[in-house]
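Worksheet: one structure, shown below.
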Ligand SMILES: [Zn+2]
């Protein structure tokens, strides 16, 4: 799977081609990261000792039906609240989830249950066996990508003079993510990606996913300025 930060960066890079409607771009960026929240379910399945926990990843949040449901729910919400912005936000979320699915199919060697709950899986990488060293780098690379995403937001804030008060905390979070990347890469190559160090990694990854949502929301003005 491409790292969540890569999804976020691709979404931000796409903004020049996106419609300029209020809250739309914010939706695209959040929608691009949203599908990997299914890793919370994977973590729950691991803790609850359910069979095949990894089997929950790239399913219900990576489905075209979810895209339609999200767009529909926010459309209804916009009618109920008589506020166009919610419709823009929902359309943006839908577009972001679609971009996420497309990138997942191309990058980093796995399939997607595109039509979940149907069992069909689209997988261009069935022939590919991920070597152990690459698997480690793809996992610890989550931290690297989070850090780069935060630096990208920081550079945009500087360029547009928006959300300047957040720049210090952005750089702090970026440094922390880079440190975690180095720490866990070393740990996993020395000890293997298992046991306690892997559980701590998983916890910090999930925490970082929440942080990327909170920070993205706080940087709304920067993201919507093009
Ligand atoms: Zn994904």
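Coordinate-derived values only; no laboratory data. Just so it is clear, the model here is predicted, and its values are computed rather than measured. Cβ coordinates were reconstructed from backbone atoms using ideal geometry, including for glycine residues, and neighbour counts include every protein chain displayed.
Taking the average, over residues, of other Cβ atoms within 10 Å as the packing measure, peptides 192-198, 23-29 rank 23-29, 192-198 from highest down.
Applying a 10 Å radius around every beta-carbon, put 107-116, 149-158, 44-53 in order of their mean neighbour count, most first. Walk me through the numbers on the way to the answer.
Values: 107-116: 18.2, 149-158: 20.8, 44-53: 11.4.
Listed from highest to lowest mean packing, they are 149-158, 107-116, 44-53.
With a ≥ b ≥ c the root eigenvalues of the C-alpha gyration tensor of the chain, is it rounded (a/c under 1.5), prolate (a/b larger than b/c) or oblate? Oblate, because a/c is 1.5 or more while a/b does not exceed b/c.
With r defined as the distance between the Cβ atoms of residue 137 and residue 44 and R0 fixed at 30 Å, what FRET efficiency is calculated, to the nearest 0.05?
After rounding, the FRET efficiency stands at 0.70.
A crude spin-label estimate for the pair residue 68 and residue 21, with each label 7 Å from Cα along the Cβ direction, gives 2.0 nm.
From its DSSP helices (H runs of at least four residues, each -39,500 (n - 2.57)), the chain gives a residue-normalised ellipticity at 222 nm of -23000 deg cm²/dmol.
Quick one: Cα convex hull volume of the range 111-226, Å³ per residue?
Normalising the Cα hull of the range 111-226 by residue number yields 150 Å³.
The calculated P(r) of the range 1-128, using every Cα pair and 10 Å bins from 0, goes 14, 39, 33, 12, 2, 0 in percent. The tail of the calculated P(r) for the range 63-145 beyond 20 Å holds 51 percent of all Cα-Cα pairs. Please say if the range 130-179 is rounded, prolate or oblate, where rounded means a/c under 1.5 for a ≥ b ≥ c the square roots of the C-alpha gyration tensor eigenvalues, and otherwise the choice is prolate for a/b larger than b/c and oblate otherwise? Since a/c reaches 1.5 and a/b is larger than b/c, the shape of the range 130-179 is classed as prolate. Computed over the chain with a Gaussian network model linking Cα atoms closer than 10 Å, the most mobile of 20, 82, 135 is 82. Averaging the Cα positions of each part gives two centres, and for the range 108-184 and the range 1-35 these lie 13 Å apart.
Put simply, when 136-147, 91-102 are sorted by average Cβ atoms within 10 angstrom per residue, most first, you get 91-102, 136-147.
Kindly identify the range 1-58 as rounded, prolate or oblate by the Cα gyration tensor criterion: order the square roots of the eigenvalues as a ≥ b ≥ c, call it rounded if a/c is under 1.5, otherwise compare a/b with b/c, prolate if a/b is larger, else oblate. Judged from the Cα gyration tensor, the range 1-58 comes out prolate (a/c at least 1.5, a/b above b/c). A Förster distance of 22 Å, applied to the separation of the beta-carbon atoms of residue 54 and residue 191, puts the FRET efficiency at 0.60.
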